[in-house]
Amino acid sequence: MKKIGILGGSFDPVHNGHIELATKALISYGLDFVFLMPAKKNPFKAEKEITEDNIRLDMIKLVLKDRPYLCLLDKELKGEGLSYTYDTMIELVSEFDQCKIYFILGLDSFLSLENWYKGPELLKMVSFIVSIRPGYNKDKLEMTKDRYEKLYGADILIVEDAMPDVSSTKIRKLAAEGKPLDGLVPAEVERYIKENEVYKGSNR
């Protein structure tokens, strides 16, 4: 049975943190590949302005060229309105019925997962790979993991130091000021941002 990872997010822009997390999750747990799944609208950031879909897709596609273990999944962009992970996973579980699906997310999101739209059902449906950083609250992680496992039979895996502290907000701010993005995004994404003035004049 193939094992696939799903890493969702706004990807505004896709950055080195996303790539490192996807790569480490894949290597740590023997995934066959990881889908990068851009959201149309995040329910938790419904009022937040987001860059056009085609631009975010262009940047993701640049990242995929030399990384065959990463794939694009634009399912949520094709929908209307807010993107709910539960609804998307229902479709993917049916579509990839011969695969085991791992939803990849950070610790903060994991700790609040129970409160997502149909969070308990989501915890029962797919497996999870949780990224943690140095200095995380170990007790809170272990308590939450234990509760999810006992209440929902959740399958939860941990990957440490997987996502460096890279902020999309910081990247957009630097790009708006015409400053270099060294170490924050792949070179091909930086070129695209500069050549197309993606965040010029942005105050996000």
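Could you run through the range 79-104 and say how many residues are under 24 Å from Gly30 (Cβ atoms) and touching a residue at least 24 places away in the same chain (Cβ under 8 Å)?
Looking only at that region, the number is 13.
Looking only at the range 171-189, how many residues end up being over 15 Å from Thr51 (Cβ atoms) and of a type in the set (D, E, K, R)?
4
Could you please tell me which pairs satisfy a Cβ distance under 6 Å, a separation of 6+ or placement on different chains, a first residue in the range 115-143 that is without any contact (Cβ under 8 Å) to a residue 60 or more places away in the chain and of a type in the set (Gly, Ala, Ser), and a second residue that is in a strand (DSSP E or B) and open to solvent by less than 80 Å² (accessible area, probe 1.4 Å)?
Ser127/Tyr102
If we scan the range 76-97, do we find a residue that is in contact with a strand residue (DSSP E or B) (Cβ under 8 Å, 6 or more places away or on another chain) and open to solvent by 30 Å² or more (accessible area, probe 1.4 Å)?
Yes, that holds for at least one residue.
If I ask for residues that are basic (Lys, Arg) and open to solvent by 60 Å² or more (accessible area, probe 1.4 Å), which ones from the range 164-199 would you list?
Of everything in the range 164-199, those that are basic (Lys, Arg) and open to solvent by 60 Å² or more (accessible area, probe 1.4 Å) turn out to be Lys170, Lys173, Lys179, Arg191, Lys194.
Kindly evaluate Gly5 against the criterion of being open to solvent by less than 10 Å² (accessible area, probe 1.4 Å), closer than 23 Å to Leu184 by Cα and either modelled with pLDDT of 95 or more or not hydroxyl-bearing (Ser, Thr, Tyr) (or both).
The answer is yes for Gly5.
Restricting the range 1-43 to residues that are among the polar types (S, T, N, Q) and assigned to a helix (DSSP H, G or I), which is nearest to Asn196 (Cα to Cα)?
Only one residue tops the list, namely Asn16.
Somewhere in the range 98-116, is a residue of a type in the set (Lys, Arg), touching a strand residue (DSSP E or B) at 6+ places or on another chain (Cβ under 6 Å) and within 20 Å of Lys3 (Cβ to Cβ)?
Within the range 98-116, one or more residues are of a type in the set (Lys, Arg), touching a strand residue (DSSP E or B) at 6+ places or on another chain (Cβ under 6 Å) and within 20 Å of Lys3 (Cβ to Cβ).
The values are calculated or read from the model by the stated rules, or taken from the named source; none is laboratory data. What you see is a predicted model; the values in this text were computed from it and never measured. No Cβ is skipped: glycine too gets one built from the backbone with ideal geometry, and neighbour counts run over all protein chains shown. The accessibility values were calculated without ligands, DNA or RNA, using every heavy atom of the protein model including side chains. Shrake-Rupley method; radii C 1.70, N 1.55, O 1.52, S 1.80 Å.
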